[in-house]
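Take a look at the structure below.
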Amino acid sequence: MSAFVLLVRVDMMREVRRRWFIGVLVAGFVASVMVAIGATMASQNDDAFRAGGASVLLLGGLVAALGLGATAFWRDIQSGALGLVAATGAPRGAIASSRAVSRLVLLAGTIAVWTVTLVVGALVSGLGLHGPFVVHALAQFLTLALTLLATAAASTVLGPWVAAIIGLMMHITAQATVNLAAAADVGRLGNANRLAQVAYNMLPHTIVSPMIAEMQNRDAGGPAAPQFEINSVPVPIHPSTIGSVVWTIAWCAFLLWLCFVGIRQRNLN
Amino acid sequence: MTTAAGPSDALVIAESLQVVYQRGATPAIDEIDLTVAPGEGLLVVGEPGSGKSTLLRALLGLIRFGGALTVLGGYPGTPAVAAHVGWGPQGKGFADGQSPRSVVEMVARLRRTGSDTLAATVARALEDAGIEATVADRVTNDVEIVRRTSLACAVVGDPRLVVLDDPWEFEETVAAISAVRARGGAVVAASNDPGGLPSLLGRTLTLVDGVAA
């Protein structure tokens, strides 16, 4: 067993027993069941299901991503846990990458549990099989992976709360980048149109699924995707292109590299 | 500080060792010359903040250092060297969320040493550290169990050099240090409350503000 695989396994076994993680997982599961049940009682039950499910994935996923990222490095650097691993001969690259990968796997597992619960709940409730919702869950996972990796990279040098704030700022920035680019596309930003396009070409993007874009544009996205307006005039949001998805994956790779650099450069206890 | 062993035999050789945590700051340790030969023990003592843990972390390759430092004939912390160095960290946070057996097993797997099977190697280390089988699989915050786990991490797989930070003086600690020295290994330990460790380890290095007194 390589050091990387061993460390991924050890970290995952440890983190799945954390009370906060179990709490988030269970809370999201309960919320998913309630969304599925509530959707059967709503008049626009399809929209209610999708908006509710998207909110669970966004809000619950954000808490999970920030928590997993913020606790990836700093706490274990201070406690000596990473020092023990490094002193025993594990390469620093394996330490950094295994931590990031184990956290991403846990996030993917969390999103998968909630998504399966929602889709099965919808099926049982007679709402049918929600393929578009599964695509949305994948899009949401990629955006949350970006948030998690930004938080984890910050946690190589900063405490958990500050790292979580930086991760949240990355999430908000990625969302704002997409919204401002959409506004620039229809010429709503005046002199700042070009600036928004430059930002879009440099900063990471949230991934917008076709389902959520369509709901957002008719103001049916719920808390997860409120309609985007400037001066009370709606701005149409487009689903992410393949190029945008590739760009965000490239940003994830960059943030993973920052985790690697952070652990390689720093002193360990 | 000199020993009877020649440099080629020594497990640790440090010359003008220096650690500076922040550029321009006062060195945490400075001008440390050190040789530890096979079968020797060395106790590093000093007040909190005197540089004891910093010296140990340099030996393990966990921090950047200036001067010359050779551990087991190689650069500290490289996988080939680290595989033969046992590390018993201080405090109890290093085992956070893990049972004693899982921590020691992880160390044994990473070190990839020992002629016994992995399970037997881990079981022997736990026994040598005085951790009963009934508690070895439990995640615990019991500080005594965690300190014993630190000792088990340090001795699992019979490393040639054992480094202990603030070891508790259990009966098993005394036995483990004696066993390592008897088989030709060396032990370097740091403590600000040494108790009976000085006589057990034989030599003492006193640090005052990062400098050998």
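If you go through segment B:80-137, how many residues are in contact (Cβ under 8 Å) with a residue 24 or more places away in the chain, touching a strand residue (DSSP E or B) at 6+ places or on another chain (Cβ under 7 Å) and β-branched (V, I, T)?
Going through segment B:80-137 one residue at a time, the tally reaches 1.
Condition check ((1) farther than 20 Å from A:S55 by Cα; (2) in contact (Cβ under 8 Å) with a residue 24 or more places away in the chain; (3) not small (G, A, S)) across all residues:
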{"residue": "A:A94", "(1), (2), (3)": "yes, yes, no"}
{"residue": "A:S98", "(1), (2), (3)": "yes, yes, no"}
{"residue": "A:A108", "(1), (2), (3)": "no, yes, no"}
{"residue": "A:T115", "(1), (2), (3)": "no, yes, yes"}
{"residue": "A:L129", "(1), (2), (3)": "no, no, yes"}
{"residue": "A:V157", "(1), (2), (3)": "yes, yes, yes"}
{"residue": "A:V162", "(1), (2), (3)": "yes, no, yes"}
{"residue": "A:A174", "(1), (2), (3)": "no, yes, no"}
{"residue": "A:N191", "(1), (2), (3)": "yes, no, yes"}
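Would you check which residues across segment B:39-48 are under 18 Å from the mean Cα position of the chain (by Cα) and surrounded by fewer than 16 Cβ atoms within 10 Å (Cβ to Cβ) and list them?
Hit for segment B:39-48 is B:P48, nothing else.
Which of (1) buried (at least 18 other Cβ atoms within 10 Å of the Cβ); (2) modelled with pLDDT under 95; (3) within 14 Å of chain A (Cβ to nearest Cβ) does B:R23 not meet, given it meets every other one?
Evaluating B:R23 over (1) buried (at least 18 other Cβ atoms within 10 Å of the Cβ); (2) modelled with pLDDT under 95; (3) within 14 Å of chain A (Cβ to nearest Cβ) leaves (1) as the failure.
Among the candidates A:G53, A:G93, which residue alone is crowded, with 23+ Cβ neighbours inside 10 Å, touching a helix residue (DSSP H, G or I) at 6+ places or on another chain (Cβ under 7 Å) and not in a loop (DSSP other than H, G, I, E, B)?
A:G53
From the list A:A64, A:A94, which residue is away from chain B (no Cβ under 14 Å), in contact with a Ser or Thr (Cβ under 9 Å, 6 or more places away or on another chain) and at negative phi?
Criteria check complete, one pass: A:A64.
Could you list all residues from segment A:199-249 that are over 20 Å from A:L146 (Cα atoms) and aliphatic (A, V, I, L, M)?
Across segment A:199-249, the qualifying residues are A:M211, A:M215, A:A220, A:I230, A:V233, A:V235, A:I237.
Being part of a loop (DSSP other than H, G, I, E, B) and basic (K, R) is the filter; apply it to segment A:15-33 and report the residue that is nearest to A:L58 (Cα to Cα).
The extreme case among them is A:R18.
When residues of segment A:1-30 are filtered for being more than 30 Å from A:F260 (Cβ to Cβ) and either without any contact (Cβ under 8 Å) to a residue 60 or more places away in the chain or within 14 Å of chain B (Cβ to nearest Cβ) (or both), how many remain?
4
If you take the residues of segment B:65-90 that are closer than 12 Å to B:I29 by Cα and not aromatic (F, W, Y), which of them is farthest from the other protein chains (Cβ to nearest Cβ)?
Restricting to residues being closer than 12 Å to B:I29 by Cα and not aromatic (F, W, Y), the top hit is B:G67.
Just checking, which of A:I207, A:I165, A:I172, A:I249 is hydrophobic (A, V, I, L, M, F, W, C), modelled with pLDDT of 95 or more, over 30 Å from B:L59 (Cα atoms) and not in a helix (DSSP H, G or I)?
A:I207
Within segment B:179-186, can one find any residue that is without any contact (Cβ under 8 Å) to a residue 60 or more places away in the chain, within 14 Å of chain A (Cβ to nearest Cβ), under 25 Å from B:L59 (Cβ atoms) and touching a helix residue (DSSP H, G or I) at 6+ places or on another chain (Cβ under 9 Å)?
No: zero hits.
The values are calculated or read from the model by the stated rules, or taken from the named source; none is laboratory data. Owing to the predicted nature of the structure, the values given are computational and were not obtained by experimental measurement. We place every Cβ from the backbone using ideal geometry, glycine too, and count neighbours over all the protein chains shown.
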